[in-house]
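Working notes, beginning with the structure itself.
The values are calculated or read from the model by the stated rules, or taken from the named source; none is laboratory data. Being a predicted model, the structure only gives us computed values, none of them experimental. A quick note on method: Cβ atoms are made from the backbone with ideal geometry, for glycine too, and the neighbour counts reach across all protein chains shown. Calculation scope for accessible area: heavy atoms of the full protein, side chains included, ligands and nucleic acids excluded. Shrake-Rupley method; radii C 1.70, N 1.55, O 1.52, S 1.80 Å.
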Amino acid sequence: QVQLVESGGGLVQPGGSLRLSCAASGTIFNFYTMGWYRQAPGKPRELVAAITTRDTTNYADSVKGRFTISRDNAKNTVYLQMNSLKPEDTAVYYCNANWGRKDYWGQGTQVTVSS
């Protein structure tokens, strides 16, 4: 059974930073492309950032230059460093692991950017 557990969400002021973590268990982490998605109220879930098994990354245009995704295969963990946060970044952030037809999701962590 694959489990993804996110942590690091919270309340932060505009311009602040947060680092999200997603710890994976029950699978061979190295085989999976890892991604962070987010969903704001009334909006569809959207891709924020992803990192492949070869450390190739891609980002949503809205977060380029502000967010950085990384992975530590020794710790089975993927991170999302979020800087210069804006109120429009407020959402539930979900971790995703994908390997072909295998697709897993974490339970989500709330990020709220507000003064």
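Residue by residue, here is whether (1) of a type in the set (Gly, Ala, Ser); (2) under 20 Å from VAL2 (Cβ atoms); (3) in a strand (DSSP E or B) holds:
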site	(1), (2), (3)
ALA23	yes, yes, yes
ASN30	no, yes, no
MET34	no, yes, yes
ASP55	no, no, no
ASP61	no, no, no
ILE69	no, yes, yes
TYR93	no, yes, yes
THR112	no, no, yes
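Which is touching a strand residue (DSSP E or B) at 6+ places or on another chain (Cβ under 8 Å) and at positive phi, of GLY35, GLY26? Just one listed residue meets the conditions, GLY26.
When the residues of segment 4-21 are filtered to those that are assigned to a strand (DSSP E or B) and of a type in the set (Ser, Thr, Tyr), which remaining residue is nearest to TRP99 (Cα to Cα)?
Of segment 4-21, the ones assigned to a strand (DSSP E or B) are 4-7, 10-12, 18-21.
Remaining after also requiring of a type in the set (Ser, Thr, Tyr): 7, 21.
Numbers: SER7: 22, SER21: 20 Å.
Checking each candidate, the answer is SER21.
Selection of segment 20-45 for residues being exposed (fewer than 15 other Cβ atoms within 10 Å of the Cβ), touching a residue at least 40 places away in the same chain (Cβ under 8 Å) and over 17 Å from GLU88 (Cα atoms) yields SER25, ASN30, PHE31.
Within segment 71-88, can you find the residues that are charged (D, E, K, R), open to solvent by 60 Å² or more (accessible area, probe 1.4 Å) and outside any loop (DSSP other than H, G, I, E, B)?
Listed by number, the list holds a single entry, GLU88.
Residues that are under 11 Å from the mean Cα position of the chain (by Cα) and open to solvent by less than 50 Å² (accessible area, probe 1.4 Å) are absent from segment 54-65.
Among the residues of segment 95-110, the one identified as in contact (Cβ under 8 Å) with a residue 60 or more places away in the chain, assigned to a loop (DSSP other than H, G, I, E, B) and open to solvent by 60 Å² or more (accessible area, probe 1.4 Å) is GLN107.
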